[in-house]
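I have placed the structure first, in the form of structure tokens, so that the comments after it can refer back to it.
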Amino acid sequence: MRYFKGGHHLLKLLSLVILLVSTLLPGRIMLVGMAIFVIINTISRFSYNTKSARIFNSMNLLQILFGIFFLIHFVSLLWTLDLNRAFKGLETKLSMILLPIAFNVFDLKIGKIDKVFLTYSVCMSLLLMVCFGIAIINAFHYGDFQTWPFKYYNFTYAVGFHPSYLTTLILISIIVILQLLHHQRYLILCFILLLIQIFSILFIGSRYGIFTLAAILTFQLVYVLYCKIHWAKINTLLVALVLTSIAIAGMILSKNSMTRLADSNEAIKDRLKIFEIGIDKIMDRPWVGGGVGSDRKLLLPEYRKKGLAVAFEEKYNLHNQFLQTSLELGLLGLAIFIILLFYFIICSQQKWLALQILFVFCMFFLVESVLERQSGVVSFTVWGMILSLKGPPDKVQRND
């Protein structure tokens, strides 16, 4: 007997689309998407022959690890150095436990995940076109069409995202598009989406994004050639065209890109000093850290001593999730976090796709404290949950 029939299946599919697309939206709008996801699945659960359904189903290890990681943050309230910020930190990370519980209670299974992914990538491209349009309008407004749209924050200003965060979402979308290339009917659409999204990464000008994009395309090319997949010729051609597009766009934007790199030299030096300070403070409390929300208490006095004026005034965190976790939760918390990352792949039903997406997140973790913002927590958790979804018994998920 099939798990999904008619409206029941469509409701669950719609809820996943809304949840995934909501990660492309800032702040409270994202929370609205999560609320709609819960409402739709609640309606589905009580409307379609679920009288014998259990409240809780057997949890997979990834769901358990997300819960454990959140509980460690909660327990660290006992020794945190800043209780007020600790509660705010827990509120930010609440999705880390609520989303796995929701996926478990609603017992989500899906046999058409590719359609969810395609919708996500289309919505991403539409969002980027809006950003591009607003950047051009503002360029005319300020009378600076040559350089204004190419400045680091201006392209992402329209959606209120940090450039690195938006770059991460674009990179994940590119990975999803490359995964969809085995569908012949999506070929032209995928190529158009690729061009829009790769151009946008270059337009934003994130060093991390450009490096990670090059690595992803290299991985894809090697994987396709090594595995001798039947669509290898098509994928190789598309990758070659994409690389050509990067080269052309790089030449066009070279002056702006070089200016950005030159201006950021001092920022890189300051970032390294911040890392050194973070490591020193971690060694003071190596096992359990200073507790959730304690980063400012530990770091700001050191920023002042080291003459890091901008870091002190802006109250910077460590801009590295691994160091941030170690600072607040110690080596114990870091160990749980690393185990969680491994099970992000192990519990996935599409391991090659999960490996690439995890690579993007890990690159992002190296340059930002991603899980200090609700958008980062939600995106990471949602992708972990969706990739671990199982299809109904009569559907076999592809793993190519």
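The values are calculated or read from the model by the stated rules, or taken from the named source; none is laboratory data. None of these values were measured; they are calculated from a predicted model. Here the Cβ positions follow ideal geometry from the backbone for every residue, glycine too, while neighbour counts run over all protein chains shown. Remember, those area values only see protein heavy atoms, side chains included, never the ligands or the DNA or RNA. Shrake-Rupley method; radii C 1.70, N 1.55, O 1.52, S 1.80 Å.
Consider LEU65 carefully, then state whether it is at pLDDT 90 or above, open to solvent by less than 50 Å² (accessible area, probe 1.4 Å) and part of a helix (DSSP H, G or I). Against the criterion (at pLDDT 90 or above, open to solvent by less than 50 Å² (accessible area, probe 1.4 Å) and part of a helix (DSSP H, G or I)), LEU65 qualifies.
Would you mind stating whether GLY307 is in contact (Cβ under 8 Å) with a residue 60 or more places away in the chain and of a type outside the set (A, V, I, L, M, F, W, C)? It is false that GLY307 is in contact (Cβ under 8 Å) with a residue 60 or more places away in the chain and of a type outside the set (A, V, I, L, M, F, W, C). Checked against the criteria, ILE97 does not count as without any contact (Cβ under 8 Å) to a residue 12 or more places away in the chain and either surrounded by 21 or more Cβ atoms within 10 Å (Cβ to Cβ) or in a helix (DSSP H, G or I) (or both).
So for segment 117-134 (the condition being surrounded by 15 or more Cβ atoms within 10 Å (Cβ to Cβ), free of Cβ contacts under 8 Å to residues at least 40 places away in the same chain and of a type outside the set (D, E, K, R)), does at least one residue qualify? Checked segment 117-134: at least one residue is surrounded by 15 or more Cβ atoms within 10 Å (Cβ to Cβ), free of Cβ contacts under 8 Å to residues at least 40 places away in the same chain and of a type outside the set (D, E, K, R).
From the list TYR316, TYR343, the lone residue that is within 21 Å of the chain's Cα centre (by Cα) and assigned to a loop (DSSP other than H, G, I, E, B) is TYR316. Annotation note: Cβ proximity below 6 Å between a residue of segment 70-87 that is surrounded by fewer than 18 Cβ atoms within 10 Å (Cβ to Cβ) and a residue that is in a helix (DSSP H, G or I) and among the aliphatic types (A, V, I, L, M) (sequence gap 6+ or interchain) occurs for LEU77/ALA86.
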